[in-house]
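Just below is one structure, and these are the notes that go with it.
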Number of protein chains: 2
Amino acid sequence: MTETRVPVPTLERLAIYLRVLLDAHESGIQTLSSQEIEQYSGISAAQFRKDLSYFGEFGKPGVGYSVEALIERIEQILRLDAEQPILLVGAGNIGSALVGYPNFQAHRLRIAAVFDNNFVKIGRPFGDLIIEDIARVRQVNAQIGARLGIIAVPAHAAQEVADALVDAGVTGILNFAPTILRVPPHVHVRNVSFLQELAVLSYHAVEDALRVNGQARRGGKDGV
Amino acid sequence: MTETRVPVPTLERLAIYLRVLLDAHESGIQTLSSQEIEQYSGISAAQFRKDLSYFGEFGKPGVGYSVEALIERIEQILRLDAEQPILLVGAGNIGSALVGYPNFQAHRLRIAAVFDNNFVKIGRPFGDLIIEDIARVRQVNAQIGARLGIIAVPAHAAQEVADALVDAGVTGILNFAPTILRVPPHVHVRNVSFLQELAVLSYHAVEDALRVNGQARRGGKDGV
DNA sequence: GCGCAATTGTGAACGCCTTCACAAACACGC
DNA sequence: GCGTGTTTGTGAAGGCGTTCACAATTGCGC
């Protein structure tokens, strides 16, 4: 049943390669070796080659990779070769930042509709869209056919929104709300948590500060 | 030298546990077993116990964990027991969403200053702060003493900003710009990339759609 | 053409995190 | 106080992704 699973980290890196390749393409570079990609991406050449090997063979020994061909291929893999419509739920601060995000276009990602449940907001313009009633998400997506959704609402409303998105046919959700979403097994969720990111940095930033100050603590379990 | 290294995934989960515990605390729950935490967090009980074991022993066999005590302990570990000031660079859409983000306070994270290089913006109010000149970041942070910084500027400016932050004493950077940052080894960087997240979802969402449609592809390397 | 230098693709080794499974610890009732 | 049931903490096993290392392949110059 499960085709040779592609590791998620590989997919994440694919997006990084794509960015590097697009940059190189704009600079007029036509060929890149895995070694050079390591330079630009910070990801090891071996890792790069292994990652690609999940999908076939794209390079020429002794030469490297055709930038243009590889861009095309990675876009195919990530389904970014045709425009991907996205449903955004939550016309607040984060939603606002997302509709105004300039880098989506180059990846053929397009926020195709915005929803909210606040009747004061519904009907108002948001970017170059009009905010629609979340209750109509299924109806609206019957037209759009989006498979991706973004949840940018407060935590207490997130699960409800997720259910609505799934009901509307969405199978991939990017969740900005700090909650665990329960979704059917065929739906994929990725969480973005500023708090989590900052918490990890907080640990490291201060940990290192202690070390630098010569306060290096002794092994692990302090048992306090 | 290196005290028993704590895996980064463990730190990430610590932030999740903390959120769950804070919720439970508000609900008046005083004790939680690892089993129950699995319920609320979606992270396995064994994983939870193993994660905590890096830092000591906090539970009572046969009983579970004191919610209050565990909150306190995790906050200590993540250095969220005292207020953490943060420098935000970039007074654009994303920066705007961050200063308006309501959930920082509960974790004692506070954006203590905002910077930009656009002289039109400098001096203007931003949330309840005044936008300052990025050129003054070192000077300003001499007062604040922040160890954490957030980069929310366009990719082409990100490296310069990172250098300035590091120069100002920042040792942890949350980077929203789609670029690889070069920083000294004592500085930690975490990247948040909407594009990357959506790209991964895009792959899965459509991949699954193909499967659901009965187009189940056969094993692995399709070599096409 | 043919040798040389560069670079790919990939099986195998490695390392790290997760999962397992169980002994030790504790509460509670009788 | 002692047995029973629950839950923790943690070594050991397992799984998965990364790194290594090298044979195979190609371009290029002569």
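Please treat every number below as a calculation from the coordinates, not as lab data. All values derive from a computational prediction rather than experimental measurement. FYI the Cβ positions are ideal-geometry reconstructions off the backbone, even for glycines, and counts take in every protein chain you see.
Going Cα to Cα from B:LYS60, which aspartates and glutamates come in below 18 Å? Please leave out same-chain ones fewer than 8 positions away.
A:ASP222, B:GLU36, B:GLU38, B:ASP51, B:GLU68, B:GLU72
Kirkwood hydrodynamic radius (Cα pairs, Å) of the range A:55-112? Numbers along the way, then the final one.
Details: mean 1/r = 0.0737 Å⁻¹.
The Cα-based Kirkwood calculation yields 13.6 Å.
What does the average come to when, for each residue of peptide A:183-191, you count the partner chain Cβ atoms lying within 10 Å of its Cβ?
For this peptide, the per-residue mean of nearby foreign Cβ atoms is 3.
Using Cβ contacts closer than 10 Å as the measure, can you line up B:LYS50, A:LYS60, B:LYS121 from fewest to most?
Ranked by crowding around the Cβ, least crowded first: A:LYS60, B:LYS50, B:LYS121.
Which order, highest average first, do B:22-32, A:136-146 follow once you tally other Cβ atoms within 10 Å for each residue and take the mean per peptide?
Sorting B:22-32, A:136-146 by mean packing, highest first, produces A:136-146, B:22-32.
For A:ARG13, A:ARG124, A:ARG147, B:ARG108, what ranking results if the residue with the fewest other Cβ atoms within 10 Å of its Cβ goes first?
Values: A:ARG13 19, A:ARG124 13, A:ARG147 24, B:ARG108 16.
Lowest count first: A:ARG124, B:ARG108, A:ARG13, A:ARG147.
Largest first and in whole Å, give the semi-axes of chain B's equivalent ellipsoid, each being the square root of 5 times a Cα gyration tensor eigenvalue.
34, 29, 17
Can you tell me, using C-alpha contacts under 8 Å and at least 6 residues apart, the relative contact order of chain B as a whole percent?
On the way: 285 pairs, mean separation 27.4, N = 224.
Reported as a whole number, the value is 12 percent.
Placing the label point 7 Å from Cα along the Cα-to-Cβ direction, what are the distances from A:PRO9 to the equivalent spots in the other copies, shortest first, in nm to one decimal?
Those separations, rounded to one decimal, come out as 0.9 nm.
Take every residue in peptide B:12-18, count the Cβ atoms of other chains within 10 Å of its Cβ, and give the average of those counts.
On the way: counts 5, 1, 4, 10, 7, 0, 3.
Across the residues of B:12-18, the mean count of other-chain Cβ atoms within 10 Å is 4.
Can you give the net charge of the other residues whose Cβ lies under 12 Å from the Cβ of B:ALA146, counting K and R as +1 and D and E as -1?
Summing Lys and Arg as +1 and Asp and Glu as -1 gives +2.
If a/c stays under 1.5 just call it rounded; otherwise compare a/b with b/c (prolate if a/b is bigger, oblate if not). Do that for the range A:92-169, with a ≥ b ≥ c from the square roots of the Cα gyration tensor eigenvalues.
Because its axes are fairly even, with a/c under 1.5, the range A:92-169 counts as rounded.
Measuring from a point 7 Å out along Cα→Cβ, what nm distances, shortest first, does B:ILE29 have to its partners in the other copies?
Those separations, rounded to one decimal, come out as 5.0 nm.
Can you name the chain A residue with its Cβ nearest the rotation axis from A to B, and give the distance in Å as a whole number?
For the rotation taking chain A to chain B, the closest Cβ gives A:ALA97, 2.
Quickly work out the B:ARG108-to-A:TYR54 label distance, labels modelled 7 Å from Cα along the C-beta direction, and quote it in nm with one decimal.
3.9 nm
Most exposed first by the Cβ proxy, i.e. fewest other Cβ within 10 Å, how do B:VAL166, B:VAL20 rank?
Lowest count first: B:VAL166, B:VAL20.
For the range A:120-203, what class follows from the C-alpha gyration tensor (a ≥ b ≥ c being the square roots of its eigenvalues): rounded when a/c is under 1.5, otherwise prolate if a/b is larger than b/c, else oblate?
Working: a/c = 2.28, a/b = 1.45, b/c = 1.57.
Taking the square roots of the gyration eigenvalues as a ≥ b ≥ c, the range A:120-203 is oblate.
Defining the label point at 7 Å along Cα→Cβ, can you sort the distances from B:ALA82 to the same site in each other copy, shortest first, in nm?
5.8
Can you give the Rg/Rh ratio of the protein assembly as shown, where Rg is from the C-alpha atoms and Rh is the Kirkwood radius?
Rg/Rh for the protein assembly as shown comes to 0.96.
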